[in-house]
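S.K.: Mind having a look at this structure? Questions to follow.
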Amino acid sequence: MAETAQKIIKINLAELLQILNEAYAEEWLAYYQYWLGAKLAAGQMRTSISAEFTEHAKEELEHADMLANRIIQLGGTPVLNPDDWSKIAKCKYEAPQEEDTITLVTQNLASERCAVGRYQNICDLCFGKDYETFSISAHILKEELEHEQEMEDFLKDMDLTKKIS
């Protein structure tokens, strides 16, 4: 536990740790959603989408690592039991309803939009009050915005391909 890290923030520590643990749980769920989607994807643009899902899974895992480190630095404990991830997450894991790429991309787009809101809220909460958490959240927000755009681009490309066919 870093004593100075706790002293310099100007936010309720318990509230911040709860929010960071929710985000931490969501990142693990996002990791699994992308990882599994990369394995199951079938149909239009499967190769490109599977590769992108694999890259996104790697980044979601990196986000979980960054959040765990910050939680520990603030004297907290990351959620210890994976069974609790879905209980505390506000951005939920969507089990694949179908293996087709359109469904998987649509599900991941919804998850990314939730994540964008999550990290924008953390940035708003921490701006001028907790520079390190703000910095981490801004970095993750940037990547989540990129993920959202990539999912939207895939859907547009798939729609265009249908119209051309």
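S.K.: Given contacts defined as C-alpha pairs under 8 Å and at least six residues apart, what's the relative contact order of segment 13-73, whole-number percent? Each step should come with its number before you reach the end.
M.R.: Values: 48 pairs, mean separation 28.7, N = 61.
Result for segment 13-73 is 47 percent.
S.K.: How big is the charge dipole of the chain about its Cα centre, in debye rounded to the nearest 20, if each Lys and Arg gets +1 on its Cβ and each Asp and Glu gets -1 on its Cβ?
M.R.: 300 debye
S.K.: Give me Rg/Rg_expected for the chain, where Rg uses Cα atoms only and Rg_expected = 2.2 N^0.38 Å with N residues. Write out the running numbers ahead of the final one.
M.R.: Values: Rg = 17.1 Å, N = 165, 2.2 N^0.38 = 15.3 Å.
This ratio for the chain stands at 1.12.
S.K.: Okay, moving on. Have a look at 14, 102, 33 and report the one farthest towards the positive end of the charge dipole of segment 1-142, computed about the Cα centre with Cβ charges (Lys/Arg +1, Asp/Glu -1).
M.R.: Among 14, 102, 33, the one farthest towards the positive end of the dipole of segment 1-142 is 14.
S.K.: If you don't mind, there's one more thing I want to ask. If the limit is 31 Å between Cα atoms, which of 92/156; 90/162; 58/163; 90/163; 7/58 go over it?
M.R.: Values: 92/156 24 Å; 90/162 34 Å; 58/163 33 Å; 90/163 36 Å; 7/58 33 Å.
Long pairs (Cα-Cα over 31 Å): 90/162; 58/163; 90/163; 7/58.
Read-outs: derived from the displayed coordinates by stated rules, not from any lab. Keep in mind that this is a model prediction, so the values were computed, not measured. Counting neighbours? That spans all protein chains shown, and the Cβs are built from the backbone with ideal geometry, glycine included.
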